[in-house]
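Data first, discussion second: the structure below is written as structure tokens.
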2 protein chains.
Amino acid sequence: MRGLELSQARPTILKIGGSVITDKNTELGVHMDVISRIADELQEANTRNLIIVHGGGSFGHPVAQKHAIKEGFKEEQQIIGFAETHHVMTVLNGLLMDALIWRGIPAVSVTPSSCVMTRNGRIQCFEDSPLKQLLKMGFIPVLYGDAVFDTELGFTILSGDQLVSFLAVRFNAKNILIGVDVDGLYDADPKKNAEAKMFDRLTLDELKNVKGLVGGSTAYDVTGGMSSKIAELMPAVEHGIPVLIFNAAKPKYIYKVLKGDRVKGTVIEKE
Amino acid sequence: MRGLELSQARPTILKIGGSVITDKNTELGVHMDVISRIADELQEANTRNLIIVHGGGSFGHPVAQKHAIKEGFKEEQQIIGFAETHHVMTVLNGLLMDALIWRGIPAVSVTPSSCVMTRNGRIQCFEDSPLKQLLKMGFIPVLYGDAVFDTELGFTILSGDQLVSFLAVRFNAKNILIGVDVDGLYDADPKKNAEAKMFDRLTLDELKNVKGLVGGSTAYDVTGGMSSKIAELMPAVEHGIPVLIFNAAKPKYIYKVLKGDRVKGTVIEKE
């Protein structure tokens, strides 16, 4: 590739929670205003070496739950359910891609079900040559939680959080930024308990003591609430990659975290 | 995969030309009526062991041409052009998928740029485990011409026709059905020359003698007209896979060819 400046810097991985960009109270309900605002912030931040992963919210989760896609193939009727689950995720992804691309952000969607196979729900193979090339050439890959094929189960759900952790380790990420619809990690569900206390910083050892105490963050979450999110992120933290959990529903927070500014949130580090 | 009936039959590959489903005179112009009709015909035919590949028409071609994506990376401004080309193809694909899925057809889109790498424009690696699983489980994979990554050029265009031929050989297809907006293969461009004579049947040897004489079929075609289409299909014909070129713009033709009924068109066979 003549004349091409190859980027070798460690990427940042930004997760945009499904609960942030969709309306969890309405099936296929989307917060287009939030998608537009996030696209504005990404344009302003102008970050390169960035991988974006988004969740399914009211698109992927209700359809996947209805057809028990996560549990794997059990009956013929699930076949159209799998097709629907994947399709609605591509629709949500398309809305985000539209907002990014027409702002001149060189974002390219990477479809998990086209390049990942899982085994009992865990990523077994990931054809990452296209993704590597995307990063080298300065594109911003955008992935998402998806209905994927599984060597044992036939199919299952691959959560955005498992993808984030996997990609962080595979590409030796600089950091992981987890945008959710609450301010950080609490010792109880902040939406149900006014006494819930937020952690500013936790080490892996400290985290292991609070695991299981944390509340769920969304009404629809076939991949589990905050505690399963934390469990997914642990391998990346073990690998030495710091995680920041912050509120992406608050204006300017995505811009600030991409710029390296301190915002309210929970930092999780190895030590 | 307990209880799963695995399909091992040789698949049929159906190409739906970009000129059939899009309006070549308008950028991003789509024939939604044609997409709906084709989806109706696919639903009625109820074919399994089917792989669908569609072209880019007025979606992929004008954007790709404007940014010279096929020629590979030469300058920074092409980066957003690549992102746009891939994005508009996912939009066209989404319109077709919508029509298929809401009719209960278990179609799943497979994104070429997520699982294929080319080398100087030719498919070098294709991660086909998800595609194999799709076919085994009775889904209908839907692929399309796409902007893809290339080990030498940085990126390029992978035509739907190259994909068709590659998949036909890889999966030892039963037959290849090429739906275009003319009745078959002519000895001159039937849109410009009223004297153009259509071939009913050609062998590979006969085809080699007429190659280069055939007219283009679309106004936008960064991947070449009918002659480059034929050149792409040759390896599959050499492999013993028969090709039928027919008019998919005519109602019921897709239904009939899937049912094995004879329609007007050009058959190309090895001998």
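Data table
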{"quantity": "Carbon + sulfur, % of accessible area of the protein assembly as shown - ligands and nucleic acids excluded, 1.4 Å", "calculated": "47 percent"}
{"quantity": "Mean ellipticity per residue at 222 nm, deg cm²/dmol - from DSSP H runs of n ≥ 4 across chain B, formula -39500 (n - 2.57)", "calculated": "-11000 deg cm²/dmol"}
{"quantity": "Loss of accessible area when B meets A, both sides summed, Å² nearest 100, probe 1.4 Å", "calculated": "3600 Å²"}
{"quantity": "The stretch B:32-92, dipole about Cα centre (Lys/Arg Cβ +1, Asp/Glu Cβ -1), debye to the nearest 20", "calculated": "140 debye"}
{"quantity": "Percent RCO, i.e. relative contact order, over the stretch A:112-185, from Cα pairs under 8 Å lying at least 6 residues apart", "calculated": "27 percent"}
{"quantity": "In Å, descending, principal axis extents of the Cα set of the stretch B:43-82", "calculated": "47, 18, 15"}
{"quantity": "Over chain A, relative contact order from alpha-carbon pairs under 8 Å, at least 6 apart, %", "calculated": "23 percent"}
{"quantity": "Set of the stretch A:134-172 residues, backbone N closer than 17 Å to the point 7 Å along the Cα-Cβ line of A:Arg103", "calculated": "A:139-143"}
{"quantity": "List B:Glu27, A:Glu127, A:Glu41, ordered by accessible area with a 1.4 Å probe, largest first", "calculated": "B:Glu27, A:Glu127, A:Glu41"}
{"quantity": "Rounded D (µm²/s) - the stretch B:1-84, Kirkwood Rh over Cα pairs, Stokes-Einstein at 20 °C, 1.002 mPa s", "calculated": "138 µm²/s"}
{"quantity": "Chain B, Rg to Rh (Cα coordinates; Rh as Kirkwood inverse mean 1/r)", "calculated": "0.95"}
{"quantity": "Over the stretch B:99-162, volume per residue of the alpha carbon convex hull, in Å³", "calculated": "80 Å³"}
{"quantity": "Cα principal axis extents for the stretch B:115-271, largest first, Å", "calculated": "45, 36, 30"}
{"quantity": "Of the DSSP H helices in chain B, those whose Cα atoms cover at least 27 Å axially and whose Kyte score averages 0.0 or more", "calculated": "B:78-101"}
{"quantity": "log₁₀ of I(q)/I(0) at q = 0.18, 0.19, 0.20, 0.21 Å⁻¹ - the stretch A:39-198, Debye sum with one point per alpha carbon", "calculated": "-1.16, -1.23, -1.29, -1.34"}
{"quantity": "Size of the protein assembly as shown as Cα extents on the principal axes (Å, biggest first)", "calculated": "83, 54, 35"}
{"quantity": "Rg to Rh, two decimals, where the stretch B:90-133 supplies the alpha carbon set and Rh follows Kirkwood", "calculated": "1.08"}
{"quantity": "Over the stretch B:23-68: Kirkwood hydrodynamic radius from C-alpha pairwise inverse distances, Å", "calculated": "12.4 Å"}
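The values are calculated or read from the model by the stated rules, or taken from the named source; none is laboratory data. These numbers come from a predicted model, not from an experiment. For neighbour counting, all protein chains shown are included, and Cβ atoms are generated from backbone atoms with ideal geometry for every residue, glycine included. Areas reflect the complete protein model, heavy atoms only, side chains present, ligands, DNA and RNA absent. Shrake-Rupley method; radii C 1.70, N 1.55, O 1.52, S 1.80 Å.
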